[in-house]
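Undergrad: Okay, here's the structure, questions in a sec.
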Amino acid sequence: MSAELPTGVVLAASVPAPSIEYHILAPILIVFGAAVIGVLVDAFFPRPWRYPAQLILTLAALVAALVAVLLLSGTSTTAAVGAVAVDGVTLFLQGTLLIVGILSVLFVAERGPLPRPRSGPGTWSRAAATADYGMDAFTPQASAVPGSGAERSAATAGITPTEVFPLLLLALGGLLLFPAANDLLTMFVALEVLSLPLYLLCGLARRRRLLSQEAALKYFLLGAFSSAFFLYGVALLYGQAGTVRLAGIADALAADSGAPTLALLGVAMLAVGLLFKVGAVPFQAWVPDVYQGAPTPITAFMAAATKIAAFGALLRVLSVGVPGIADDWRPVLAAVAVATMVVGAILAITQTDMKRMLAYSSIAHTGFLLTALVAADDRGIAATLFYLFVYGLGTLGAFAIVSMVRETDGSEATALSRWAGLGRRAPWLATLFALLLLSFAGIPITAGFVAKFAVFQAAAGSDAGLLVIVGVLASAVAAFFYIRVIVLMFFTDPPADPPEIVGPPAATTVAGVAALATLLLGIAPQPLLDLADRAGEFVR
């Protein structure tokens, strides 16, 4: 006679093993796998071999992940027991992130001494020709005290930091998962995975180390607060719906006839974490300080990739999780969009540092993107996807050009006054930068104009005409500080000791690709618009 099991005890054999669709998760798994291998390379490879091995591994992984995304084209399903959604929006954003990632790796990988310019005003000092003032943007010994003898010895020895490559891959893996997360716990895990490597990377600048470490600390502390708000929002939404699955939350809200108080509070808390990542007002205070203090390649990567992934996650939460209470969150999101556009445009005018000006420009663009989210329809989703692609490439190109204007000690000449007369001394570089700035301003025949027109059209079609008016006025204000830089470059005399212009191959490639894409998508945007329109559907 068989013994009976105690009440509440379940045989392990009766619990089915979860099904993991590895081929559907391939882009994310490839990037995370390469990051783990990169850590092993740094641990076991001889130092001279680490840099080429890490660079080849990182680029190969990103290209392989991009191919995997292309092979998944047309897929609309969930994976990992429904925790990850692979649909048109996910694949479009992952493809955009991987393109941005490949260009960012090229920018990060720039190495070697600064080239010696011709003799004359603004030439390099003797120290500038040493390894301590090379193109490498990262400190050779992050654990050393800034300015210490240990750090100088590491620089003189020509030590090349290679840990940035696995950190970048880990961050990119989290970024790929973030907009694909189909439940709130997976989204939180992705948020932390993408954030922690970025906190470290922000503090690794080779020059102005104290400013870099201050930026990393600010980003870490404020990011920790925002993550706590996000997690509190997850708890409140679970209390309302009894599930953390986005589709389950939507079904619970649709079935509940009462006032969804916990859901409204949960969405508000959740929005704090997501709006912090995109740099929306009133959660934008970290943006200018972190963008200025971080190494410029990391600033470019953050400004482009983090915004792309965070907007993808915000789109999924609003469109899949809480569309039933859109009448409650749309007015609040519209107010945030207005404040973000106005604050970003006005404060950018007062900036005298190029990186801080681009940071406030990024805030203004966040406001423009939020106008499309307020539309809360398929047209708004497609407009957001197109805008994110255009903005990501343009931002990478702009920061790549910033890294090419150098002082005599090898540091970047970010003061606006140092850019006077740049168009006479380096017309090709000034022309590329002017094209990107005109795109940011939304001038016709550039991709930025098409992107802004798309988001404003989506907002106007959903009875958000006031947002469009504010957006047009904010764009006019923003055009002032963009054109001011163009006037400074082409119609102002250069300073007595002008900075030098360098043309390293990687940064030049990134700037050239960004400028070419900006021009082509401004002249013939329809293929990408059609792709974004077809991709603008979510799977539940």
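Undergrad: List the residue pairs whose Cβ atoms are under 6 Å apart, where the first residue sits in the stretch 349-360 and is over 21 Å from PRO297 (Cα atoms), the second is at pLDDT below 90, and the two are 6 or more positions apart or on different chains.
TA: Cβ pairs passing all conditions: ILE349/PHE481.
Undergrad: What is the residue count in the stretch 521-532 for residues that are touching a residue at least 12 places away in the same chain (Cβ under 8 Å) and surrounded by fewer than 19 Cβ atoms within 10 Å (Cβ to Cβ)?
TA: Here is the first cut: in the stretch 521-532, the residues touching a residue at least 12 places away in the same chain (Cβ under 8 Å) are 521-523, 525, 528-529, 531-532.
In the following step, the residues that additionally are surrounded by fewer than 19 Cβ atoms within 10 Å (Cβ to Cβ) were identified as 523, 529, 531.
Residues meeting the conditions: 3.
Undergrad: So, in the stretch 331-364, exactly how many residues are of a type in the set (D, E, K, R) and crowded, with 18+ Cβ neighbours inside 10 Å? Before you say what the answer is, go through the steps one by one.
TA: Narrowing the stretch 331-364 to residues of a type in the set (D, E, K, R): 353, 355-356.
Filter once more, keeping what is crowded, with 18+ Cβ neighbours inside 10 Å: 355-356.
Count: 2.
Undergrad: In addition: Take the stretch 202-230 and flag every residue that is touching a strand residue (DSSP E or B) at 6+ places or on another chain (Cβ under 6 Å) and either surrounded by fewer than 19 Cβ atoms within 10 Å (Cβ to Cβ) or not hydrophobic (A, V, I, L, M, F, W, C) (or both).
TA: Scanning the stretch 202-230 gives ARG206, SER212.
Undergrad: I'm trying to understand the selection: among the residues of the stretch 439-488, which are closer than 26 Å to LEU531 by Cα and basic (Lys, Arg)?
TA: LYS452
Undergrad: Another question about this same structure. Is the stretch 446-460 home to any residue that is free of Cβ contacts under 8 Å to residues at least 60 places away in the same chain, part of a helix (DSSP H, G or I) and not hydroxyl-bearing (Ser, Thr, Tyr)?
TA: Yes; the residues of the stretch 446-460 include at least one that is free of Cβ contacts under 8 Å to residues at least 60 places away in the same chain, part of a helix (DSSP H, G or I) and not hydroxyl-bearing (Ser, Thr, Tyr).
Undergrad: Here is a follow-up. So which of ALA224, ALA216, ALA180 is among the small types (Gly, Ala, Ser) and within 20 Å of VAL322 (Cα to Cα)? Can you show your working first?
TA: Details: ALA224 fails: within 20 Å of VAL322 (Cα to Cα); ALA216 fails: within 20 Å of VAL322 (Cα to Cα).
ALA180 is the lone residue from the list that is among the small types (Gly, Ala, Ser) and within 20 Å of VAL322 (Cα to Cα).
Each row is one residue, and each column tells you yes or no for (1) crowded, with 18+ Cβ neighbours inside 10 Å; (2) of a type in the set (Lys, Arg); (3) within 26 Å of ALA109 (Cβ to Cβ).
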position: LEU40; (1), (2), (3): no, no, yes
position: ILE56; (1), (2), (3): no, no, yes
position: LEU62; (1), (2), (3): yes, no, yes
position: SER73; (1), (2), (3): no, no, no
position: ALA79; (1), (2), (3): yes, no, no
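Residue-by-condition table, conditions (1) at pLDDT 95 or above; (2) in contact with an Asp or Glu (Cβ under 6 Å, 6 or more places away or on another chain); (3) outside any loop (DSSP other than H, G, I, E, B):
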| position | (1), (2), (3) |
| --- | --- |
| ASP136 | no, no, no |
| GLN141 | no, yes, no |
| VAL145 | no, no, no |
| ALA150 | no, no, yes |
| ALA154 | no, no, yes |
| ILE159 | no, no, no |
| PHE165 | no, no, yes |
| PRO179 | no, no, yes |
| MET187 | no, no, yes |
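Undergrad: Please state which one of ALA335, ALA382, ALA375 is of a type in the set (Gly, Ala, Ser), at pLDDT below 90 and over 17 Å from ALA304 (Cβ atoms).
TA: From the options ALA335, ALA382, ALA375, the qualifying one is ALA375.
Undergrad: Does ALA180 qualify as being surrounded by fewer than 17 Cβ atoms within 10 Å (Cβ to Cβ), touching a residue at least 60 places away in the same chain (Cβ under 8 Å) and among the small types (Gly, Ala, Ser)? Please lay out each step first, then the result.
TA: Values: surrounded by fewer than 17 Cβ atoms within 10 Å (Cβ to Cβ): no; touching a residue at least 60 places away in the same chain (Cβ under 8 Å): yes; among the small types (Gly, Ala, Ser): yes.
Considered against the rule, which asks whether it is surrounded by fewer than 17 Cβ atoms within 10 Å (Cβ to Cβ), touching a residue at least 60 places away in the same chain (Cβ under 8 Å) and among the small types (Gly, Ala, Ser), ALA180 comes out as no.
Undergrad: Among the residues of the stretch 394-410, are any part of a helix (DSSP H, G or I), surrounded by fewer than 24 Cβ atoms within 10 Å (Cβ to Cβ) and among the hydroxyl-bearing types (Ser, Thr, Tyr)?
TA: No, the stretch 394-410 contains no residue that is part of a helix (DSSP H, G or I), surrounded by fewer than 24 Cβ atoms within 10 Å (Cβ to Cβ) and among the hydroxyl-bearing types (Ser, Thr, Tyr).
Undergrad: Then there is this: Could you tell me whether any residue of the stretch 491-505 is in a helix (DSSP H, G or I), crowded, with 18+ Cβ neighbours inside 10 Å and either of a type outside the set (D, E, K, R) or in contact (Cβ under 8 Å) with a residue 12 or more places away in the chain (or both)?
TA: The answer is no, given that none of the residues of the stretch 491-505 is in a helix (DSSP H, G or I), crowded, with 18+ Cβ neighbours inside 10 Å and either of a type outside the set (D, E, K, R) or in contact (Cβ under 8 Å) with a residue 12 or more places away in the chain (or both).
Undergrad: While we're here: Going through the stretch 442-457 one residue at a time, which ones are at pLDDT 90 or above and of a type in the set (Gly, Ala, Ser)?
TA: The answer is ALA447, GLY448, ALA451, ALA454.
Undergrad: Does GLY88 satisfy the condition of being under 16 Å from GLY312 (Cα atoms) and small (Gly, Ala, Ser)? Break it down stepwise before answering.
TA: Numbers: under 16 Å from GLY312 (Cα atoms): yes; small (Gly, Ala, Ser): yes.
Here the answer is yes, as GLY88 does meet what is asked.
Undergrad: For the structure I just gave you, tell me whether LEU66 is surrounded by 13 or more Cβ atoms within 10 Å (Cβ to Cβ), at pLDDT 85 or above and within 23 Å of the chain's Cα centre (by Cα).
TA: Here the answer is yes, as LEU66 does meet what is asked.
Undergrad: Sticking with this structure for a sec: So is GLY233 among the small types (Gly, Ala, Ser), buried (at least 21 other Cβ atoms within 10 Å of the Cβ) and more than 30 Å from ARG209 (Cα to Cα) or not? Outline the logic, then answer.
TA: Working: among the small types (Gly, Ala, Ser): yes; buried (at least 21 other Cβ atoms within 10 Å of the Cβ): yes; more than 30 Å from ARG209 (Cα to Cα): yes.
So GLY233 passes the test.
Undergrad: Still on this structure, please answer the following. Among the candidates ARG418, ARG424, ARG379, single out the residue that is of a type in the set (D, E, K, R), assigned to a helix (DSSP H, G or I), closer than 26 Å to GLY88 by Cα and in contact with an Asp or Glu (Cβ under 9 Å, 6 or more places away or on another chain).
TA: Result of the check over ARG418, ARG424, ARG379: ARG379.
Undergrad: How many residues does the stretch 10-50 contain that are in contact with a Lys or Arg (Cβ under 7 Å, 6 or more places away or on another chain) and not acidic (Asp, Glu)?
TA: The qualifying residues number 1.
Undergrad: Can you spot a residue in the stretch 464-474 that is modelled with pLDDT of 90 or more, within 30 Å of LEU59 (Cα to Cα) and surrounded by fewer than 17 Cβ atoms within 10 Å (Cβ to Cβ)?
TA: Looking for residues that are modelled with pLDDT of 90 or more, within 30 Å of LEU59 (Cα to Cα) and surrounded by fewer than 17 Cβ atoms within 10 Å (Cβ to Cβ), one finds none in the stretch 464-474, hence no.
The values are calculated or read from the model by the stated rules, or taken from the named source; none is laboratory data. These numbers were taken from a predicted model, which means no experiment stands behind them. Neighbour counts run over all protein chains shown; Cβ positions are idealised from the backbone, glycine included.
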